[in-house]
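The values are calculated or read from the model by the stated rules, or taken from the named source; none is laboratory data. These numbers come from a predicted model, not from an experiment. All Cβ positions, even for glycine, are placed from backbone atoms using ideal geometry, and neighbour counts span all protein chains on display. Remember, those area values only see protein heavy atoms, side chains included, never the ligands or the DNA or RNA. Shrake-Rupley method; radii C 1.70, N 1.55, O 1.52, S 1.80 Å.
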Amino acid sequence: MHKNNSKRRHKRVENRLGETVRIASIVQKGMSTGRSSYVEMHALERLTHHNIKARVGAIRSGPAAKDRVISEILSRLPAAVHGGYADVLTPNGVIRESELDRLLSIDSEITTCLGVIESRVQPSAKNLELGETLKILMEERKKLVGSLRA
């Protein structure tokens, strides 16, 4: 049974890697042509949300989860990073490049903060600083997505 679970997990990781490569290719093509589709952008949203949710899950099962402030921020983070990429498209499929760049940048910074928190063996004061940075990034992302939908 253990061997079978390992094979399934390995196949899921391979599928996620393949999906990541495919979506990166789609985004790159969209940036070069200036056009994309809602289906492609929803796929990017799904992958981004999955990756951040997985990282949050890993942190919550580690030592950083003992910190009440970090735990509270992590509980809100998956919902805060849901959506946004389809909103960078105009109704005729043209990508608003500066908004896409900004959204990708915010999500990249969120992921970097999560990586630092996850790599710490012991909770520290630095985690609280990173927690504040995550709060700021979530608010900035919320405002950006809100302005895209307006």
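A few notes on this one:
- Per residue accessible area in Å² of the chain, where ligands, DNA and RNA are left out and the probe is 1.4 Å: 60 Å²
- The ellipsoid that matches the Cα gyration tensor of region 55-136 has semi-axes, each √(5λ) in whole angstrom, of 30, 12, 10, with the longest given first.
- Within the accessible area of the chain (1.4 Å probe), percent carbon and sulfur: 55 percent
- Surface accessible to a 1.4 Å probe, ARG102 within the full protein complex, Å²: 110 Å²
- Electrostatic bookkeeping for ALA125 treats Lys and Arg as +1 and Asp and Glu as -1; over the other residues with beta carbon under 13 Å from its beta carbon, the sum is -1.
- Charge dipole (debye, nearest 20) of the chain; +1 at Cβ of Lys and Arg, -1 at Cβ of Asp and Glu: 820 debye
- In the distance distribution for the chain, Cα-Cα pairs more than 23 Å apart total 43 percent.
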